[in-house]
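The values are calculated or read from the model by the stated rules, or taken from the named source; none is laboratory data. Not measured: the values here are computed from a predicted model. Here Cβ is always computed from backbone atoms with ideal geometry, including for glycine, and neighbour counts include all displayed protein chains. Just so you know, the surface numbers come from the protein's heavy atoms only, side chains and all, with ligands and any DNA or RNA stripped out. Shrake-Rupley method; radii C 1.70, N 1.55, O 1.52, S 1.80 Å.
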Amino acid sequence: MDENKRIERDTGTDGSGTGRRTYVITSLCAAAVSAAYAAAVHIFTIHDMGVILGYLSNAFTVPGVLLMGLAGLNFVKRHGGFDAVSYSARYMSCWLLPQFWLNKEERSGKLQSYRDYCEDRRKREKGRRNVSLCFFLVGAVFTALGVLCLVAMNMMFPGTVLEL
């Protein structure tokens, strides 16, 4: 494989959407959240294996569910789910504080129509990287790890109670 094609594939600049770097960065961020949770509950000083598995389950599930929720919001945003809300908020802010929000054309009294606003949003979205799939897949992996730890805790150490 040509070196330039490998770099384009790895960085996501070949038009495929996301590259390996995006998955690595997202995974590292999720792992950092998991490590922060584990440190916050003092998991490294606990000696009961059932409790450790319970806290590991929480540590993996929290960033997993968070990433999957962000993926859903990003998916809805990219398909125009929030266009009406953002257009109406922009219109109201332009009406209340026109000197801060309006450009020169809009100050003269000509506001952008909703259809034009949506078309402009689609054009801007085409140039941006779509991270919905990356967030969803990494979130699903972390959630699956959390569920595995929870199942292991309940199968090997039944009756384990986590204290808050």
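Some points to look at:
- Estimated inter-spin distance, Ser88 and Asn154, nm [label 7 Å along Cα→Cβ]: 4.1 nm
- To the nearest 10, the accessible area of Phe135 is 50 Å² with a 1.4 Å probe.
- If you sort Asp83, Asp120 by accessible surface, 1.4 Å probe, largest first, the order is Asp120, Asp83.
- Computed FRET value (nearest 0.05) for Glu163 with Val141, which takes r as the C-beta separation and R₀ as 25 Å: 0.35
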